Amino acid sequence: MRVYAHMPDHGTHTRQASCLIGGTDSTSPYRVHPQRVLENKWVDLGVFNFTGTPTVSLDSDTQDGTGDEDIAWDSVAFQPLSAKPKNFVVAMGDSYSSGEGATEPGGKDYYAESDYYDKTEPKSKNSCHRSKIAWSRQATLPGSSKSIGALADSRDANMDYHFIACSGARTFNILNTGRSGELAQLKQGYLDQNTSLVTLSVGGNDARFTDIITECVLSGIWNCQAESLDNIDPDNGEKTGGDTGGLDEWAPKWLHEQIRPRITATLKTIHDKAPNAEIVLMGYPRLLEDNGSCVLGMEDVEGKWVNSVADILADEMKGAVDDANSQYKAKAVLSDPRGVFTGKAVCGDPESVHGIVISGQAKADNELPKPSMQSFHPKPAGARLYADSLEKTLKGE
């Protein structure tokens, strides 16, 4: 049966409400969903095989519990299904999976609970930015005539889909520590023995690609690859003192020695929780066409180097997949989107990746407005290109 909890349009705040589903044989009989959906809405907790009396219980004790975010619901529902669904899909990962930037102006395509900010309660902010037109929702599985999102929205009996990606996520946000007030993605309960497909993008934030782009594009520094970044702890992203030294020498070493094994460990843990699932690790495109000639202040040599980092990361991600499969039989595959984005990244035609998007407010009169999180992320058309890449990979092309 498919299990639903109904969220009222008020009195539902916490991002960590854990619903325990009783009477099932699932290896993960709980589901965590942000409650602030801002409408009267049925929330799909998943499809379960019941071997005992079906129950749903909601715990009012959360890891972030400080007594100022309410927990509520007003009913549950059980939808009998005639058979086990063919597809159990979980979409995880970072901003490229969540659909950061894949929305019309104003963020109208983001789910409300993943795009919330109240300046009077800043700690309640959620900027996971899960888009209704993210590539995992746009893609069509082999043998299907409708997209994953369309099947999920229509409550098709052959689709169990859950979307837990979060903008800004690193490997430790997948495994251990949550982001935007949500639990770590693997602690939200959506992977079990029934999961058939996991889609995932992770590694770009661990690789500090945002920091590199900031140094090479937004700061206006010439020959940025010779500059350095502050050192960070790869387990939590906190600064540790000192700096990296020249980026051109640091980046390849960081990607090979730190990022590759962390992606491998993430794939292993996903496989442990979903042993029957195919795991598709989605790569990243080269962000700049013509070496970023249309970007103010970008030099040809800098643009070429930024794109070369994307290529190095792609090689290390492929290595991580190979390591996870050979060491842990992880059933993982890399989907490399660089081909489908050729000619269509920043400065391309059509341009399917945002350049610098200015929407933030300057903090002082002498400061420039802050770039939006959408900068250097796929536009709606770019999300479609990602869906094309996933479809090709699932077909073995």
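Being part of a helix (DSSP H, G or I), of a type in the set (Asp, Glu) and under 22 Å from the mean Cα position of the chain (by Cα): is that true of Asp315 here?
Taking the combined requirement at face value, the residue satisfies it.
Consider the range 266-278. How many of its residues are of a type in the set (A, V, I, L, M, F, W, C) and within 17 Å of the chain's Cα centre (by Cα)?
Number of matching residues: 2.
Note on the range 75-165: enclosed strands (runs of 3 or more DSSP E) holding 1 or more residues that are modelled with pLDDT of 95 or more and within 19 Å of Asp388 (Cα to Cα) are 87-93, 159-163.
Applying the set (1) open to solvent by 30 Å² or more (accessible area, probe 1.4 Å); (2) assigned to a loop (DSSP other than H, G, I, E, B); (3) modelled with pLDDT of 95 or more to Asn231 leaves exactly one unmet item: (2).
Looking only at the range 234-265, filter to residues that are over 24 Å from the mean Cα position of the chain (by Cα) and polar (S, T, N, Q); which one of those is surrounded by the fewest Cβ atoms within 10 Å (Cβ to Cβ)? Here the answer is Thr240.
Filter the range 184-203 for residues that are open to solvent by 10 Å² or more (accessible area, probe 1.4 Å) and among the small types (Gly, Ala, Ser) and give the result. The one that is open to solvent by 10 Å² or more (accessible area, probe 1.4 Å) and among the small types (Gly, Ala, Ser): Ser196. Any residue at all in the range 63-70 that's under 27 Å from the mean Cα position of the chain (by Cα), open to solvent by less than 40 Å² (accessible area, probe 1.4 Å) and of a type in the set (S, T, N, Q)? Taking every residue of the range 63-70 in turn, none turns out to be under 27 Å from the mean Cα position of the chain (by Cα), open to solvent by less than 40 Å² (accessible area, probe 1.4 Å) and of a type in the set (S, T, N, Q). If we scan the range 148-156, do we find a residue that is among the polar types (S, T, N, Q) and either farther than 19 Å from Glu39 by Cβ or surrounded by 24 or more Cβ atoms within 10 Å (Cβ to Cβ) (or both)? For the range 148-156, residues among the polar types (S, T, N, Q) and either farther than 19 Å from Glu39 by Cβ or surrounded by 24 or more Cβ atoms within 10 Å (Cβ to Cβ) (or both): absent. Condition (residue is in contact (Cβ under 8 Å) with a residue 60 or more places away in the chain, over 20 Å from Asp9 (Cα atoms) and either surrounded by fewer than 24 Cβ atoms within 10 Å (Cβ to Cβ) or among the polar types (S, T, N, Q) (or both)) applied to the range 117-128: is it met by at least one residue? No, the range 117-128 contains no residue that is in contact (Cβ under 8 Å) with a residue 60 or more places away in the chain, over 20 Å from Asp9 (Cα atoms) and either surrounded by fewer than 24 Cβ atoms within 10 Å (Cβ to Cβ) or among the polar types (S, T, N, Q) (or both). Taking the range 302-348 as the search range and keeping residues that are free of Cβ contacts under 8 Å to residues at least 60 places away in the same chain and of a type in the set (Asp, Glu), which one is surrounded by the fewest Cβ atoms within 10 Å (Cβ to Cβ)? Selected residue: Asp311. If we scan the range 55-72, do we find a residue that is assigned to a strand (DSSP E or B) and in contact (Cβ under 8 Å) with a residue 60 or more places away in the chain? Checked the range 55-72: no residue is assigned to a strand (DSSP E or B) and in contact (Cβ under 8 Å) with a residue 60 or more places away in the chain. May I ask you to list the residues in the range 32-44 that are assigned to a loop (DSSP other than H, G, I, E, B) and either hydrophobic (A, V, I, L, M, F, W, C) or buried (at least 19 other Cβ atoms within 10 Å of the Cβ) (or both)? Residues satisfying the conditions are His33, Pro34, Gln35, Arg36, Val37, Leu38. Are any of the residues in the range 164-178 at positive phi and buried (at least 21 other Cβ atoms within 10 Å of the Cβ)? Within the range 164-178, not a single residue is at positive phi and buried (at least 21 other Cβ atoms within 10 Å of the Cβ).
Can Ile164 be described as of a type in the set (Val, Ile, Thr) and under 19 Å from Thr14 (Cα atoms)? The answer is yes for Ile164.
Scan the range 20-31 and report the pairs whose first residue is in a loop (DSSP other than H, G, I, E, B) and whose second residue is among the β-branched types (Val, Ile, Thr), with Cβ atoms within less than 6 Å and a gap of 6+ or a chain change. Listed pairs, sorted by first residue: Asp25/Thr51; Pro29/Ile21. The number of residues in the range 288-301 being closer than 22 Å to Asp248 by Cβ and either open to solvent by 70 Å² or more (accessible area, probe 1.4 Å) or assigned to a helix (DSSP H, G or I) (or both) comes to 8. Within the bounds of the range 208-228, is there any residue that is outside any strand (DSSP E or B), within 17 Å of the chain's Cα centre (by Cα) and surrounded by 21 or more Cβ atoms within 10 Å (Cβ to Cβ)? There is at least one residue in the range 208-228 that is outside any strand (DSSP E or B), within 17 Å of the chain's Cα centre (by Cα) and surrounded by 21 or more Cβ atoms within 10 Å (Cβ to Cβ).
The values are calculated or read from the model by the stated rules, or taken from the named source; none is laboratory data. Keep in mind that this is a model prediction, so the values were computed, not measured. Because the Cβ atoms are built from the backbone with ideal geometry, glycine has one as well, and the counts that use them run over all protein chains shown. The protein model used for the area step is the full one, side chains on, heavy atoms only, and it has no ligands, DNA or RNA in it. Shrake-Rupley method; radii C 1.70, N 1.55, O 1.52, S 1.80 Å.
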